[in-house]
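Read through the structure below, which is laid out as structure tokens, and then see the notes.
The values are calculated or read from the model by the stated rules, or taken from the named source; none is laboratory data. This is a predicted model, so every value here is computed, not measured. Positions of Cβ are generated from backbone atoms using ideal geometry, with glycine treated the same way; all protein chains shown enter the neighbour counts. Protein only, heavy atoms only, side chains kept; ligands, DNA and RNA dropped before computing areas. Shrake-Rupley method; radii C 1.70, N 1.55, O 1.52, S 1.80 Å.
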There are 2 protein chains.
Amino acid sequence: MTASGNFRYVALADEIQENIMTGQFRPGEKLPSLRKLHNQLGLSVSTIHQAYIELEKRGRVEAREKSGFYVRALLKNPLPSPRKDQEKAAPSRVKINALAETILSDLQSENMLQLGAAVASREFMPVKQLSRIMKSMSVDELGTSIATYDPCIGNTDLRHALAKQMLGNACKVFPDDIITTNGCLEAVSLCLRAVADPGDTILVESPVFHCFLQLIEDLNMYVLELPGCPDQGMDPDAFEAIVSSNDIKACLLNTNFQNPLGSVLSPEGKKAVLKIANSRGLPIIEDDIYGDLYYGDKRPATFKSMDTSGSVLYCSSFSKTLAPGLRAGWTIPGKYREKVIRLKLNTQLSCPGISHRVAARFMETGAYDRHLRRLRNQVKNQASALAIAISNHFPKDTRLTFPRGGMMIWIELNKAIDTMTIYQRARTHNVSIMPGRICSSSDRYNHCLRLNCGIKWGPELEKGVALLGRLIRDAYREKGIQPEASEGKKR
Amino acid sequence: MTASGNFRYVALADEIQENIMTGQFRPGEKLPSLRKLHNQLGLSVSTIHQAYIELEKRGRVEAREKSGFYVRALLKNPLPSPRKDQEKAAPSRVKINALAETILSDLQSENMLQLGAAVASREFMPVKQLSRIMKSMSVDELGTSIATYDPCIGNTDLRHALAKQMLGNACKVFPDDIITTNGCLEAVSLCLRAVADPGDTILVESPVFHCFLQLIEDLNMYVLELPGCPDQGMDPDAFEAIVSSNDIKACLLNTNFQNPLGSVLSPEGKKAVLKIANSRGLPIIEDDIYGDLYYGDKRPATFKSMDTSGSVLYCSSFSKTLAPGLRAGWTIPGKYREKVIRLKLNTQLSCPGISHRVAARFMETGAYDRHLRRLRNQVKNQASALAIAISNHFPKDTRLTFPRGGMMIWIELNKAIDTMTIYQRARTHNVSIMPGRICSSSDRYNHCLRLNCGIKWGPELEKGVALLGRLIRDAYREKGIQPEASEGKKR
């Protein structure tokens, strides 16, 4: 025990805080009971209680009625944030290889520790409830879903449930404003095709979700990457500068817990960006798939909720917040509605009826809100735990964005490191990560990586992060890099 | 009774044949028992039996063991076939309006007689069996489908079941050759994008499935229409001429019960076409969605079964043969496999797992083959009944293709008639048809229409065809057309 200040309880609080920061107490974990600590340390119950109250004041723990004290998720970044990219943006063809496919196929491997993709553990999804809803449907009701094409615009029940769900959350819309899709990416694909043609340039925030890049390439369009700020999201002034000096056809943005940065653009920032886009007749495709996974008290705003001209094409899905196998996505394409319906009609006629009906039924029971509250809490605690583990195992000069929501942490290593090497080496140990290389059409994020915080925290995960730390240190050694004074904190 | 020849039984056979041809006895319907006809007509049981045997020899009826005599489906066209189109082919931009969407949205209307789309009646689909398979899945199995993304290439069970099912039918392939899709049209869309780029020209057979035209337009490609022969399908010489004199990037063909013509290209024709295509490095996208719905004894061949170079991209789905709401389609893209996987990955990641699993389970039980036999018989009988009704109710100069399989009849009226007018007027009577205008980027089929023969035959359908006949006669009158000698046969 190290003393700090004059009081015994402060010293104890300091010690416990240190244990939290080094990951010995995990976010969401219950602290030992007063009685237990009293027996262990020989301190008075009152001193221990005072220490817990002190930690509560510092925001490190929270008291839960009749249950005890629990470690709170981190409120601050345990490591510095990545530097904002200053590279000049220029339109370019996308250059990405088969890596993305390998990363998805890794998802099928049960032995692989899934740190590469952005997925929640199965135990956090209400799969039993969803399965039971499906099993409880009558043969006749299932038969109707099986025997008929759902309307092209989408399952009527789902569109009604979505409109109700989004009211007071993402935005206020009518059921007929919504078009359902086979996941969010299909929504984005239809919207991109609705607003732009081959040869057009699409503005994205960089680093960027690799599927956006590949989709843009597949549609024979160009991509222009505007560097995002890890903490603040996109800078409206930089946005204005880039759209004034380039011939851009549309923007594809992911401003709430941006993938992979995890940043959020403030409501004022969104208003400013939307105003600039509107003044230039630029449609904004808004991917809000992580919007409901906020770690704070309030859902972040959407462009759609501020859209008065119909030039925002909102896209989302349940793949991150409910269950990816439902393939339930949707778009609210504003004034591009007719075009999107037409494109959907001519590529797939209609979506799978049954799973969309199940999603609707789940929302109708009111269970979705309860589920979201639990999921948000889980993911927030896991993000904290992951951030702590990274700060413990990775070299000292590592930077990371501590996200305000969503399902991932973005990490910046020493510029000399190529995370493709780490990716390849980690895979041989059955650990999957997402190398920064696929998050840009340039090479500017080759020293970065993205990790998933949707997985339930436990020793296996800790081991995975420790392994990554070892591999990264090995790479540092091979390059002859000394991360500042030491090789990083040891646990 | 009119006598014909010397024998009483021949006269009776003639009379019954006339009744079959005018639709009083419908294909699939049971003829009256010997006893019943004996009581009605006063003829000896032996004479009546002889008449039935005579009709069996003529191919009009068939004896079913321990059951009696049943009217056989037509073997020949009751009306002349449409003329082969002689118009010169030239690449063009597709010009189709919102009509296609209206036709699909008509499918949602329960009051509409669905003669416009190509869909089977719900009662012909094994919806109860499929629903029960779904309900019998354990919460855990359903949960796995819900909680996870299926592999991008497609559900493993479905791909195995498909490979087994297609063996000895469509073609011999391995499960890993197959990529599942959200319906056949998505398969075609992915294949088109895999083999051609914006600005490229795609060869199709004309008249053509309207969704192909719209898809080609949406992908910023050009279409070149090669007129098909209503009876023989595509002419290999004409194919050679057109591919030598035009810069074509790929062919999109539907050679088995072509939509809308219903024609089949012979195995020799297919071989010839494939050879020509191969010699020019031209990939063929083969849409075989109707291939299993043959009315004869044998499944027609596929390009894929003759493909040795991997340049055939086979596409199909269960939407016509099992149930459209399953959204279970697939493609076998040969050497374009990697490209198709990539395109699928970047637009929708994966297909809905549950309904694809149900389709696999259904095939595994062996029920699919039994179901197909029943469905083929049903649709064949309905095609006959529909053809007879058309020959009874439509003007005398009507031509139609009597299909050898599939789910539609293509009808040619007097050139002065615009079937858009018929379409609009029929809709006000809650009857939906498909006007020929949307089956080409030119106006050359404006006097044609396509009718669905997937619906269970009955008085309501007869009434619908009679209504169409009346509307068409009205249109003839307005244009001052006298269809040959009379206004057509009266019943």
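For region A:383-411, the candidate set comprises residues that are under 17 Å from the mean Cα position of the chain (by Cα) and open to solvent by 10 Å² or more (accessible area, probe 1.4 Å); within that set, the residue that is farthest from A:LEU79 (Cα to Cα) is A:ARG404. Taking the numbered list (1) more than 7 Å from every other protein chain (Cβ to nearest Cβ); (2) open to solvent by less than 10 Å² (accessible area, probe 1.4 Å); (3) assigned to a helix (DSSP H, G or I) in turn, B:ASP157 passes all entries but (2). Across region A:302-315, the number of residues qualifying as open to solvent by less than 30 Å² (accessible area, probe 1.4 Å) and among the aliphatic types (A, V, I, L, M) comes to 2.
Report the residue count in region B:327-341 for those that are assigned to a helix (DSSP H, G or I) and open to solvent by less than 50 Å² (accessible area, probe 1.4 Å).
Quick first cut of region B:327-341, residues assigned to a helix (DSSP H, G or I) only: B:334-341.
Of the ones still in play, those that are also open to solvent by less than 50 Å² (accessible area, probe 1.4 Å) are B:334, B:336, B:340-341.
Total satisfying the criteria: 4.
Could you look through region A:334-363, keep only residues that are within 29 Å of A:SER131 (Cβ to Cβ) and β-branched (Val, Ile, Thr), and pick out the one that is nearest to the other protein chains (Cβ to nearest Cβ)?
By that ranking, first place goes to A:ILE354.
One residue alone among B:VAL173, B:VAL188 is open to solvent by 10 Å² or more (accessible area, probe 1.4 Å), touching a helix residue (DSSP H, G or I) at 6+ places or on another chain (Cβ under 8 Å) and assigned by TED's automatic domain parsing to the domain that holds B:SER305, and that residue is B:VAL173.
All of (1) touching a Gly at 6+ places or on another chain (Cβ under 8 Å); (2) outside the structural domain of A:GLY262 (by TED's automatic domain parsing) hold for A:LEU372 with one exception: (1). Here B:SER263, B:SER317 are screened, and the one residue that is within 17 Å of B:GLY228 (Cβ to Cβ), polar (S, T, N, Q) and in contact with a Gly (Cβ under 8 Å, 6 or more places away or on another chain) is B:SER263.
Condition (residue is open to solvent by 10 Å² or more (accessible area, probe 1.4 Å), in contact (Cβ under 8 Å) with a residue 12 or more places away in the chain, not in a strand (DSSP E or B) and not basic (Lys, Arg)) applied to region B:432-439: is it met by at least one residue?
So in region B:432-439, the residues open to solvent by 10 Å² or more (accessible area, probe 1.4 Å) come out as B:437.
Remaining after also requiring in contact (Cβ under 8 Å) with a residue 12 or more places away in the chain: B:437.
Keeping just the survivors that are not in a strand (DSSP E or B) gives B:437.
Pick out the ones that are also not basic (Lys, Arg) and you get none.
The answer is no, given that none of the residues of region B:432-439 is open to solvent by 10 Å² or more (accessible area, probe 1.4 Å), in contact (Cβ under 8 Å) with a residue 12 or more places away in the chain, not in a strand (DSSP E or B) and not basic (Lys, Arg).
Scanning region A:167-184 for residues that are in a loop (DSSP other than H, G, I, E, B), of a type outside the set (Val, Ile, Thr) and under 22 Å from A:SER355 (Cα atoms) yields A:PHE174, A:ASN182, A:GLY183.
Condition test on A:ASP474, is it in a loop (DSSP other than H, G, I, E, B), open to solvent by 30 Å² or more (accessible area, probe 1.4 Å) and out of contact with any strand residue (DSSP E or B) (no Cβ under 7 Å at 6 or more places or on another chain)? In short, no. Go through the residues of region B:366-378 one by one and say whether even a single one is over 21 Å from the mean Cα position of the chain (by Cα) and open to solvent by 10 Å² or more (accessible area, probe 1.4 Å). Within region B:366-378, one or more residues are over 21 Å from the mean Cα position of the chain (by Cα) and open to solvent by 10 Å² or more (accessible area, probe 1.4 Å).
Number of residues in region B:288-326 that are over 18 Å from B:ALA272 (Cα atoms) and either outside any loop (DSSP other than H, G, I, E, B) or within 14 Å of another protein chain (Cβ to nearest Cβ) (or both): the value is 14.
For region B:436-473, which residues satisfy the criterion of being of a type outside the set (Ser, Thr, Tyr) and touching a Lys or Arg at 6+ places or on another chain (Cβ under 8 Å)? Quick ask: steps written out before the conclusion?
Of all residues in region B:436-473, those of a type outside the set (Ser, Thr, Tyr) come to B:436-439, B:443-444, B:446-473.
Answer for region B:436-473, where residues must be of a type outside the set (Ser, Thr, Tyr) and touching a Lys or Arg at 6+ places or on another chain (Cβ under 8 Å): B:GLY436, B:CYS439, B:ASP443, B:ASN446, B:HIS447, B:GLY454, B:TRP457, B:LEU471.
Within region A:21-66, the set of residues being open to solvent by less than 60 Å² (accessible area, probe 1.4 Å), in a helix (DSSP H, G or I) and modelled with pLDDT under 85 comprises A:MET21 only.
Matching residues to (1) at pLDDT 90 or above; (2) not in a helix (DSSP H, G or I):
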residue: B:LEU375; (1), (2): yes, no
residue: B:ASN381; (1), (2): yes, no
residue: B:LYS396; (1), (2): yes, yes
residue: B:ILE417; (1), (2): yes, yes
residue: B:TYR423; (1), (2): yes, no
residue: B:SER441; (1), (2): no, yes
residue: B:TYR445; (1), (2): yes, yes
residue: B:GLU460; (1), (2): yes, no
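Of note, B:GLY329 does not satisfy the criterion of being modelled with pLDDT under 95 and either of a type in the set (Gly, Ala, Ser) or not assigned by TED's automatic domain parsing to the domain that holds B:GLY353 (or both). Among the residues in region A:193-200, are any at pLDDT below 95 and part of a strand (DSSP E or B)? There is no residue in region A:193-200 that is at pLDDT below 95 and part of a strand (DSSP E or B).
Among the candidates B:ASP418, B:ASP397, the residue that is in contact with a His (Cβ under 8 Å, 6 or more places away or on another chain) and either within 13 Å of chain A (Cβ to nearest Cβ) or in contact (Cβ under 8 Å) with a residue 24 or more places away in the chain (or both) is uniquely B:ASP418.
Give me a count of the residues in region B:120-134 that are under 14 Å from B:ILE455 (Cβ atoms) and more than 8 Å from every other protein chain (Cβ to nearest Cβ).
So the answer is 4.
State the number of residues belonging to region A:135-149 that are open to solvent by less than 30 Å² (accessible area, probe 1.4 Å) and more than 7 Å from chain B (Cβ to nearest Cβ).
The total comes to 1.
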